[in-house]
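A.B. asks: Before I ask anything, here is the structure I am working with.
The values are calculated or read from the model by the stated rules, or taken from the named source; none is laboratory data. Predicted model only: the values in this text are computed from it and were never measured. Cβ coordinates were reconstructed from backbone atoms using ideal geometry, including for glycine residues, and neighbour counts include every protein chain displayed. Protein only, heavy atoms only, side chains kept; ligands, DNA and RNA dropped before computing areas. Shrake-Rupley method; radii C 1.70, N 1.55, O 1.52, S 1.80 Å.
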Amino acid sequence: SFSNNLFNSPDEDIYEFDFARMNWYPPFSLLYLACQINRFKALHTNSNIIVINHERHYYAAHMAFFKAFGVDWGNSTLNNAGNDNHLPITDIETREIIEKTMSSHYEAGDIIERKSEDLAKILVRQDQGHLFKTLSYSIREMIRNCYEHSHTDRIQICAQYWPGQHRVEIGICDTGVGIRSGL
């Protein structure tokens with residue numbers, strides 16, 4: 001409801017985002033909210049955006065939530081490796097993919113495939129087998145579609161595995177032109 005109400009806000013010179021009442025959110029929710037705040041910021045470039053009461057949210061900071069929309073708190077979204085159980089919000093910049101393809105023997109598909117395999121490994125807890133290959137392929141197609149059709153400058157991904165709950169979650173988000181315009 002926050003992101004829906006966000007875009008109904010009247011034009012102002014200053015917007016204050018107060019995270020005092022923020023609870024714990026899983027990775028996809030953090031990623032989605034960060035993408036929505038970035039969209040909002042892009043629509044209000046002449047406004048001052050202030051963020052307060054965010055310092056006590058260590059999981060969100062660890063998952064690079066605040067850095068994902070430009071607040072200098074927590075882990076970076078660039079080259080953030082994570083570990084076997086999680087991948088913090090990580091930027092895949094389209095400019096970087098283009099530069100790597102021009103300056104090396106890598107193709108865009110190779111770079112996207114590595115990121116897809118990172119996410120699939122967290123989901124299936126291994127880096128081989130039919131399920132790993134199927135999920136890696138599916139994730140690669142989602143990221144590739146963002147890269148090829150959304151006209152965005154970055155794609156953001158994240159993942160988390162909770163061993164005690166045998167639960168996993170991934171997120172893939174871009175703030176491109178949207179599916180309808182992409183078609």
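A.B. asks: Taking segment 82-121 as the search range and keeping residues that are touching a residue at least 12 places away in the same chain (Cβ under 8 Å) and of a type in the set (Val, Ile, Thr), which one is nearest to residue 59 (Cα to Cα)?
C.D. replies: Here the answer is 89.
A.B. asks: Hey, among 168, 124, 177, which residue is of a type in the set (Val, Ile, Thr) and over 22 Å from residue 35 (Cβ atoms)?
C.D. replies: 124
A.B. asks: Let me ask something else about it. Return the residue satisfying two criteria in turn: it lies in segment 76-102 and is open to solvent by 40 Å² or more (accessible area, probe 1.4 Å) and assigned to a loop (DSSP other than H, G, I, E, B), and of such residues it is nearest to residue 174 (Cα to Cα).
C.D. replies: 78
A.B. asks: Within segment 134-155, can one find any residue that is crowded, with 17+ Cβ neighbours inside 10 Å and among the acidic types (Asp, Glu)?
C.D. replies: no
A.B. asks: Where in segment 1-71 are the helices (runs of 4 or more DSSP H), entirely inside, with at least 3 residues that are open to solvent by 30 Å² or more (accessible area, probe 1.4 Å)?
C.D. replies: 2-6, 27-43, 58-62
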